[in-house]
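Below is one structure, written out as C-alpha cells; the observations come after it.
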Amino acid sequence: MSWYLVFSPLIIEHLLLGSMVLAEARQARRQWQLLQHDETELRFQALVLLMTKVHAVLWHIAMMITTLLLPCHLAGVEGAALGTSKLSVMGCFAPVWLYGVGSLIWAWSYR
C-alpha cells in the first residue's frame, strides 16, 4: 500500500480546513479595512481576528506540506535497501519548525 494513500485523508483535511480558514481571513481583512478609520476598540479586535486567521492558514499550509513529506520519508525508509535516497525525519518536519520560528519572530515584532 502506498504511504500517500495512508496520508491522503490528512492531506485532504488540511486542504479543506485551510481553504475555510482562508475564506474567514479574507472576511476578517475586509472587516478590518472597513474599520480602518475607526478609533474604537473594534478596529483592534478586527486586527487580532485577522492575525489569528492568518496564523491558522499558515499552520494548515505547514501541516499540509509536512503530510506530503512524511510519505516520502516512509517510502524512502522502505526503499533504502534498494539504494534510493531518503528524506530525513527532521526534513519532514521543517515546515513546522519554520512556522514556529516565523510565529516567534512575528510575535516579537509586535512587542
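Here are the numbers for this structure:
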| item | result |
| --- | --- |
| Selected residue (only one of 69, 74, 34 is closer than 21 Å to residue 13 by Cβ and either at pLDDT below 85 or more than 16 Å from the chain's Cα centre (by Cα) (or both)) | 74 |
| Residues of the stretch 21-70 satisfying the condition of being touching a Leu at 6+ places or on another chain (Cβ under 7 Å) and in contact (Cβ under 8 Å) with a residue 40 or more places away in the chain | 60, 64, 67 |
| Some residue of the stretch 2-9 being open to solvent by less than 90 Å² (accessible area, probe 1.4 Å), touching a Pro at 6+ places or on another chain (Cβ under 9 Å), hydroxyl-bearing (Ser, Thr, Tyr) and in contact (Cβ under 8 Å) with a residue 60 or more places away in the chain | yes |
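The values are calculated or read from the model by the stated rules, or taken from the named source; none is laboratory data. Note that the structure is predicted; figures quoted are calculated from it, not measured. In this analysis, Cβ positions are derived from the backbone assuming ideal geometry, glycine residues included, and neighbour counts consider all displayed protein chains. The accessibility values were calculated without ligands, DNA or RNA, using every heavy atom of the protein model including side chains. Shrake-Rupley method; radii C 1.70, N 1.55, O 1.52, S 1.80 Å.
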